[in-house]
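The structure appears below as structure tokens.
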Amino acid sequence: MVEKILANLEKSSCAVDNTFLQAVSEVLHSLESVVDSDPRYDAYAILERLVTPDRVIQFKVQWVDDQNHVQINNGYRIQFNNALGPYKGGLRFHPSVSIGVLKFLAFEQIFKNSLTGLPIGGAKGGSDFDPKGKSDFEIMKFCRAFMRELHQYIGARIDVPAGDIGVGSREIGYLFGEYKRITHQYDGVLSGKPYAFGGSLMRPQATGYGVVYFAREMLNVELQESLEGKVCTVSGAGNVAIHTIEKLQQIGALVVTCSDSDGTIYDPKGIKLNVVRELKEEGKRLSLAEYAKLDPEAVYTPKAQYPQDAHAVWQIPCFAAFPCATQNELSLLDAQKLIENGCVAVVEGANMPTETGAIELFLQEGILFSPGKASNAGGVAVSEFEMSQNASMEKWDFDKVDRKLDELMRQIYKRVSLTAKESGRERNFVDGANIAAFKRVAEAMLLEGV
Ligand code: NDP
């Protein structure tokens, strides 16, 4: 059945859907025996319905730049599945954004959101707008133009977007401001808002901290190991990477790398987070090449120095690796190098950063591997906490959100590892995550009828 669905999907998809097909193929192969064991899934076409988005929305975003030139971008929202609750998932602003990329991210989001145990469905959106080099006013004008189109499709109980690559609290603030102007409604229609007007404390930290809470629990239970004093490598230098590094450092790990789209920093004495923040936070997107100029002990390797199928960051020996930049940034060659260098765990902070062949190798070699839909679910979980706070007009303190996040990440680990064990695939957290998430969504779809 799985092969038939994949073949049909391939026939009806175009080349830009490659990442979507990659994500669907991984999930469906995990589910093969589960689907075969319950005739209701076939009778109600659960898999076919699950791989087809409810709605693919595309719109034109027109705005005027600082030179008074008219600019046009494509805007999208993929509302994939709302069996468990309102559509929920981030907005990405990056030139690589296409329907294919967003379909993959929205599809993954269904499973991630299901794993949190919270009442949220799966969606994703964004634009091919490139925020790099844009002034603050241009970002504001673009966000307002984007929301002029998007507002008609979203709502606090319909679809609640959040941030992702290129969309932080500044962008969410501008988007929220425009939504309010158009609709005259002050409700929790976006999460990741600044704290000043309805944002949750800890939302900026949530994904990265959650990644580390998940890793800590997994290493403790599976290997009776801690991260204290261990060398860790992290890729990326954005929201997820920065907060993963911050929490790793707080618990005593030595983080020696970070990277951006142009190159990698290796700092053997430990990444200086204040320098990374100086270069990257608050909308600044300066190159990490500047880091090496400020810290002569650090080594900068430009991306061009490595062939397409290997990445400088994964050549550095480490105990645990945390890919936190973007999809398909850890190849089979990288996986071989990590294993050769003694890495025992790979914990995804980004969405699908590890290529299929690399995942297979990790599982085969007994490396603890956690898929992003499990280990990076802390971000969307705290987004749901923000929705709860907005709905009840409450504000929770930092410690309360942090405690709830830590507990939730431990629950996700437990759910995933137990499901893997019960399915006869002990320590296969890819299958564990896919099966546990699927069962919850599929049950809701069955109960809601066709
Ligand atoms: P940011 O925009 O804050 O940071 C992205 C980082 O990745 C930047 O350092 C960027 O480099 C780098 N990067 C982007 N594209 C490439 C590329 N092609 N090659 C190498 N590096 C690249 O995004 P986030 O940190 O929010 O997101 C990172 C990942 O985590 C994404 O996969 C996202 O979907 C996922 N995620 C994010 C969540 C969140 O709460 N923000 C929640 C769950 C998952 P540069 O600085 O040069 O642009």
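What the table shows:
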{"read-out": "Chymotrypsin sites (Phe, Trp or Tyr not before Pro) restricted to segment 164-249 and DSSP loop, no more than 12 other C-beta within 10 Å", "value": "Tyr186"}
{"read-out": "Total charge dipole magnitude, segment 204-370, about the Cα centre, Cβ charges on Lys, Arg, Asp, Glu only, Debye to nearest 20", "value": "400"}
{"read-out": "Karplus-derived HN-Hα couplings along segment 368-378 (A = 6.51, B = -1.76, C = 1.60, θ = phi - 60°), whole Hz, x at Gly and Pro", "value": "5, 10, 10, x, x, 4, 8, 7, 9, 6, x"}
{"read-out": "Among Ile182, Leu21, Pro53 - extreme Cα towards positive end, dipole of segment 2-190, charges at beta-carbon", "value": "Ile182"}
{"read-out": "Restraint check, Lys269/Lys404; Lys193/Lys280; Lys132/Lys303, Cα-Cα greater than 24 Å", "value": "Lys269/Lys404"}
{"read-out": "Segment 270-340: GluC sites (Glu not before Pro) falling in loop per DSSP and having at most 14 other Cβ within 10 Å", "value": "Glu282, Glu297"}
{"read-out": "Amide H within-cut-off set for Thr264, under 5 Å, with H built and near neighbours excluded", "value": "Thr301, Lys303"}
{"read-out": "Using θ = phi - 60° and Karplus 6.51 cos²θ - 1.76 cosθ + 1.60, couplings along segment 239-246 (whole Hz; Gly, Pro as x)", "value": "3, 5, 4, 4, 7, 5, 4, 4"}
{"read-out": "Proximal lysines to Lys124, defined as alpha-carbon separation beneath 16 angstrom and excluding residues fewer than eight positions away on the same chain", "value": "Lys88, Lys103, Lys112, Lys373"}
{"read-out": "Residue (of Gly166, Gln389, Tyr291) at the positive-pole extreme of the chain, dipole from beta-carbon charges", "value": "Gln389"}
{"read-out": "Within segment 262-350: Cβ-based charge dipole about Cα centre, in debye rounded to nearest 20 (Lys, Arg +1; Asp, Glu -1)", "value": "160"}
{"read-out": "About the Cα centre, charge dipole magnitude for the chain (Lys/Arg +1, Asp/Glu -1 at Cβ), debye", "value": "1060"}
{"read-out": "Long-range amide H partners of Val231 with built H, under 5 Å", "value": "Leu254, Phe319"}
{"read-out": "Solution diffusion estimate, µm²/s, Stokes-Einstein, the chain, Kirkwood Rh from C-alpha pairs, 20 °C, viscosity 1.002 mPa s", "value": "97"}
{"read-out": "Exposure proxy order (Cβ contacts within 10 Å, fewest to most) of Arg425, Arg181, Arg92", "value": "Arg181, Arg425, Arg92"}
{"read-out": "Cα-based shape type of segment 180-305, given that a ≥ b ≥ c are square roots of the gyration tensor eigenvalues and the cut on a/c is 1.5", "value": "oblate"}
{"read-out": "Computed over segment 204-370: relative contact order in percent, which uses C-alpha pairs under 8 Å that are six or more apart", "value": "21"}
{"read-out": "J(HN,Hα) series, segment 50-60, from Karplus relation 6.51 cos²θ - 1.76 cosθ + 1.60, nearest Hz, glycine and proline x", "value": "5, 8, 10, x, 4, 7, 10, 9, 10, 8, 8"}
{"read-out": "DSSP bridge pairs, segment 204-370: antiparallel proportion in percent, nearest 5", "value": "35"}
{"read-out": "Proxy reagent accessibility, fewest Cβ within 10 Å first, across Phe385, Phe398", "value": "Phe398, Phe385"}
{"read-out": "For Ile78, residues with placed amide H under 5 Å, excluding near neighbours", "value": "Ile57, Lys124, Gly125"}
{"read-out": "Likely footprinting exposure, His243, His151, His29, fewest C-beta neighbours within 10 Å first", "value": "His29, His151, His243"}
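Throughout, read-outs are computed from the coordinates displayed, never taken from laboratory work. Note that this is a predicted model, so its numbers are computed, not measured. When we count neighbours, we look across all protein chains shown, and the Cβ atoms used for this are built from the backbone with ideal geometry, even at glycine.
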